[in-house]
Amino acid sequence: MKLESLRTILGNDGIVTDPSLNSAYTVDWTRRYKGNTPAVLLPRTTGQVSQIVKWCYENAIALVPQGGNTGMVGGATPVNGELVLSLKRMTDIEEVDDATGQIVTQAGATLGDVQQAASQVGWKYGVDLSARDSASIGGTIATNAGGSQVLRYGNTREQVLSLEAVSGTGDVIGDLRGLPKDNTGYHLPGLLCGSEGTLAVVTRARLRLVKPPEEELSILLGFRSLNEALEIVEEIRKSLDDVQACEIFFHNGLSLVCERFEIIPPWNEQLAAYLLVDIGGQPGLEERISNSPLSAFFNASHFVAYGNDSQSRKKLWQYRDLHTEAISAAGVPHKLDVSLPHGKLNEFCNNVQEVINAIDDQTQSFLFGHAGDGNIHVNILGPDPEDLEVDIAVLKYVASLGGSISAEHGIGRAKAHHLYLNRTPTEINIFQEIKSVFDPAGILNPGTIFPQQEI
C-alpha cells in the first residue's frame, strides 16, 4: 500500500507503521477482537481527516475510525487489515459558552476532559461512564453512549446539538451553530449519533450542558432477593425526585471487585442483589427521603449505606464502577449489552444463566447495569472468544422477551449477524441504503452493523 500521499498530508509523525507501536490500535478493550493494520493515521484537523477519507475513497481502501478504543463489540477494530483513523490527537476543547450552556470540542477529547471543562464554569455534561478518562467524545457519539445518568439526562443523542463530520467521499458535512431551533430538513446529528463510524467520521461537536444539582446523595441498598430489589426500583422512580442513576449488581460481581482491588465489602452478609441510587437536587435530600414512602423500607433495613460527600459517594460508586475492569482481569469476557422491558428484568436476570448453561455449563456470568432504564450488561467468562454459540442463545432470549440486543455500546462486529433479531428486513434495507448515500464505496468501518462485504 502506497502511503506517500498520506505522508504529505500528515507528516511522518502522523503515520504509525511499526507493528510494535500500532498494536494498541488493533485490539479492542475486551481483548476479544484482534486484527492488524498497515498504518495508523493521526490527523489533527477536520481538513486532514477530509483529505485522508477522500484518498481512501479514490483508492478503494477501507478505513476504521477510532476514538479511545474503549468499545466492547469490536466496532473500532481493523480485523481485516483496514487502515486505522485515530482521532486521539484531535483533543481541543474550543469553546465553553457559559451564557447558553454549550461546549464545542474536537472528537478526540475524552469524556472526562469535557466534564472537567464544563465544571470549571459551573456547568455539567449529562453523560457519565466508568471509562470517562479514556472514552472519547467521538466514540460516545458514534455509539450513542448511555451510561449511568440516562434517567436524568438521556443518552448522548439528547446532548448533541450539532456536529461536524466527514462523509465516506471525504466531504465535510454538518455545522456547529447549535441553534435552539433549526427545523431545516432531516436531523443530521441524530442520524450520525449511533452510526458507529459507518456513515461519516465525526470530527467536532457542539454539546448541551446542564446545571449541576446543588446537592448529591448516593445510597447503596442491599437485598436478600432480586424480586425485592426490582420492586424497589419502581418505587424509587415514583417516590424520589431527581433520580440520576439507579444501578444494579450482584454478589458474584461484587466479590470479584473486592478481591481484585482489595476493597472491604459494604456488608459481611452475602446478599442477592444491590442497588446504587444517585439523586441530585436542592439541599435537604436526606430529609425528603425520610418523608417519602421509601422511608419505612430504609428505616427497617440493615442494608442501607449513605454517601453525602464526594469521598463517601466515591467509595460507594467503586463497588459498581470497577465491575468491568475486575471481570476483564479474570479473563476475556463475552460482553452482551442488552435492555429489557421493566416487567421482564426479573425473568431475564433469574433465567439467563440457565440459557447459558444449556450451551456450556462451564461458564460464569456476571450481570450488572442500569436497572432504572432496563439496561443489563451480561458478561460471560469461559467460552472461547471466537465461539458465538452462547452469545446467540442469550441474544435470542433477549429478543424473545421484547428486549434490545444492544442498549448503548452499538452493534459493532459482535452483533452484525444478529441485527435481524430486532429489525425487520425492510428496516435493514433502509439502513443499508442510507449507508450507500453517505459512503458509496463502502470504505467506512466495513463489517460494523452489517456483515462484511467486498469493497
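The values are calculated or read from the model by the stated rules, or taken from the named source; none is laboratory data. Since the structure is predicted, the reported quantities are computational estimates derived from the model, not experimental observations. A quick note on method: Cβ atoms are made from the backbone with ideal geometry, for glycine too, and the neighbour counts reach across all protein chains shown.
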Extreme residue, farthest from Cys193 (Cα to Cα), among residues of the range 413-445 that are touching a residue at least 40 places away in the same chain (Cβ under 8 Å) and surrounded by fewer than 24 Cβ atoms within 10 Å (Cβ to Cβ): Ala441
Six or more apart or on different chains, Cβ under 6 Å: which pairs go from a residue in the range 231-257 that's of a type in the set (Phe, Trp, Tyr) to one that's assigned to a strand (DSSP E or B)? Could you list them? Phe249/Tyr274; Phe249/Phe368; Phe250/Ala273; Phe250/Leu367
Among Leu395, Leu345, Leu367, which is the only one that is of a type outside the set (Asp, Glu), assigned to a helix (DSSP H, G or I) and within 19 Å of the chain's Cα centre (by Cα)? Leu395
Residues being assigned to a strand (DSSP E or B) and closer than 20 Å to Trp267 by Cα: count how many of those fall in the range 215-254. 12
Residues satisfying the stated conditions in the range 74-96, i.e. outside any loop (DSSP other than H, G, I, E, B) and either modelled with pLDDT under 95 or not β-branched (Val, Ile, Thr) (or both): Leu83, Leu85, Ser86, Glu94, Glu95
In the range 91-110, how many residues are surrounded by 19 or more Cβ atoms within 10 Å (Cβ to Cβ) and under 23 Å from Gln48 (Cα atoms)? 8
Suppose the filter is part of a loop (DSSP other than H, G, I, E, B), surrounded by 24 or more Cβ atoms within 10 Å (Cβ to Cβ) and outside the structural domain of Ala131 (by TED's automatic domain parsing); does Gly71 pass it? yes
If only one of Ile430, Ile405, Ile376, Ile434 is touching a Gly at 6+ places or on another chain (Cβ under 9 Å) and at pLDDT 95 or above, which one is it? Ile376
Kindly state which helices (runs of 4 or more DSSP H) lie completely within the range 287-329 and contain at least 3 residues that are of a type in the set (D, E, K, R) and surrounded by 13 or more Cβ atoms within 10 Å (Cβ to Cβ). 310-321
Can you confirm whether Leu163 is outside any loop (DSSP other than H, G, I, E, B) and in the same structural domain as Leu179 (by TED's automatic domain parsing)? yes
Out of the range 33-58, which residues are over 16 Å from Val16 (Cβ atoms) and either at pLDDT below 95 or basic (Lys, Arg) (or both)? Tyr33, Lys34, Lys54
How many residues does the range 379-401 hold that are touching a residue at least 24 places away in the same chain (Cβ under 8 Å) and of a type in the set (Gly, Ala, Ser)? 2
Pairs under 8 Å by beta carbon, first residue aliphatic (A, V, I, L, M) in the range 115-138, partner surrounded by fewer than 22 Cβ atoms within 10 Å (Cβ to Cβ) and in a strand (DSSP E or B), six or more apart or different chains? Ala117/Ile93; Ala117/Val96; Ala118/Val96; Ala118/Lys124; Val121/Val96
Taking the range 395-412 and keeping only residues that are touching a strand residue (DSSP E or B) at 6+ places or on another chain (Cβ under 8 Å) and surrounded by fewer than 22 Cβ atoms within 10 Å (Cβ to Cβ), one is left with Ser404
Filter the range 144-154 down to the residues that are modelled with pLDDT under 95 and part of a loop (DSSP other than H, G, I, E, B), then identify the one that is nearest to Arg208 (Cα to Cα). Gly154
Taking the range 4-30 and keeping residues under 18 Å from Asn80 (Cβ atoms) and outside any helix (DSSP H, G or I) leaves Thr17, Thr26, Val27, Asp28
For the range 266-280, indicate whether the set of residues that are part of a loop (DSSP other than H, G, I, E, B), more than 24 Å from Leu226 (Cβ to Cβ) and in contact with a helix residue (DSSP H, G or I) (Cβ under 8 Å, 6 or more places away or on another chain) is non-empty. no
Need the failing condition index for Asp360 against (1) part of a helix (DSSP H, G or I); (2) modelled with pLDDT under 95; (3) within 30 Å of Val27 (Cα to Cα), just the number. (1)
